[in-house]
Amino acid sequence: MAGAILYGAPAPGLIEVPPGAAQLSPLIPGSGDIAALPDGSADAAVILAPPGTLERDFALAHALRALKPGAPITAFAPKDKGGSRLKKTLEAFGCAVIEDARRHHRFCSAQRPAAPQGLAAAIEAGAPRIVPSLGLWSQPGVFSWDRPDPGSLRLLEALPALYGQGADLGCGIGLLARGVLTSPKVKALTCLDIDGRAVACAEHNLDDPRAKLVWADARRPPEGLADLDFVVMNPPFHDGGAEDRALGLAFIEAAAGMLAKRGVCWLVANRHLPYEAALSAAFASVTVRGEGGGFKVFEARK
């Protein structure tokens, strides 16, 4: 591969991106995989560094691995979301770094050294693996990557044996889907997630021919996902670290649109989120089927 690589979606006007740069973010469906780039193949890298330490170091290490010696790398992030640690991280990899700050971000510019240090260790620390606390494949950066999400566990406790064809919106690594697929009456389950890493892990975790994994934004589901008997979901309510209640509302709208008449949506949400009005507007009946631990479980029928 020749040319530039881009990891993430910078805000317009924040930084100049080389024309034709190949997008490699796992959070943008259809992107390439930074881990699959050949060593020393890229001419430049622009990296919107993720906030988590293991995830950030993994992305930066892969970018440096993929760059040609002497090729430029620009890494940046909001100051309060890892930006203040970028310079130190790149220096630990052997880079000579020039740092500046603007628009609440830190920007670090460097060149790929001839012999970077510590790349293999950072890549190993951020790579997919079986997590003992889950007994499942996961990866740093994925939602609730190293522990069972309590909301999903609450939903699993309340779920009856489902049947027919369904979907898991925001499936993550497949925790909910594994529970759904214990019902022999489930004929097919489409599992969607916007995080390509989660989808790749779920492919390991869902060893079931009834499961179909799709890397997609559940708010814009693929065509043909319709007339379903059920939808299960633990919708996100944070975007880039900030609470965004519109995400959950969009998931509710998407679920209602893909369900058949008399289809059912099972949803878990934090108690403080105001989803009742949206559920009542989209479904014929809404019932609280579980409550506790700061969560509510809803059964909504068309």
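The values are calculated or read from the model by the stated rules, or taken from the named source; none is laboratory data. Since the structure is predicted, the reported quantities are computational estimates derived from the model, not experimental observations. With ideal geometry, Cβ positions are generated from the backbone for all residues, glycine too; neighbour counts draw on all protein chains shown. The area values use the complete protein model at the heavy-atom level, side chains included, leaving out ligands, DNA and RNA. Shrake-Rupley method; radii C 1.70, N 1.55, O 1.52, S 1.80 Å.
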**Item:** Qualifying positions in the stretch 182-228 - open to solvent by 30 Å² or more (accessible area, probe 1.4 Å), of a type outside the set (A, V, I, L, M) and assigned to a strand (DSSP E or B)
**Value:** 187, 212, 215
**Message:** When you check residue 174 against the structure, is it among the small types (Gly, Ala, Ser) and crowded, with 21+ Cβ neighbours inside 10 Å, yes or no?
**Reply:** yes
**Item:** Among (1) at pLDDT 95 or above; (2) crowded, with 18+ Cβ neighbours inside 10 Å; (3) closer than 21 Å to residue 100 by Cα - the single one residue 70 does not satisfy
**Value:** (2)
**Prompt:** Does residue 154 satisfy being open to solvent by 30 Å² or more (accessible area, probe 1.4 Å) and at pLDDT below 95?
**Reply:** no
**Item:** Hey, residue 164 crowded, with 23+ Cβ neighbours inside 10 Å, of a type in the set (Gly, Ala, Ser) and in contact with an Asp or Glu (Cβ under 8 Å, 6 or more places away or on another chain) or not
**Value:** no
**Message:** Would you confirm whether or not the stretch 241-262 contains a residue that is assigned to a loop (DSSP other than H, G, I, E, B) and surrounded by fewer than 21 Cβ atoms within 10 Å (Cβ to Cβ)?
**Reply:** yes
**Prompt:** What strands (runs of 3 or more DSSP E) completely inside the stretch 60-119 contain at least 2 residues that are of a type in the set (Gly, Ala, Ser) and more than 24 Å from the chain's Cα centre (by Cα)?
**Reply:** 105-111
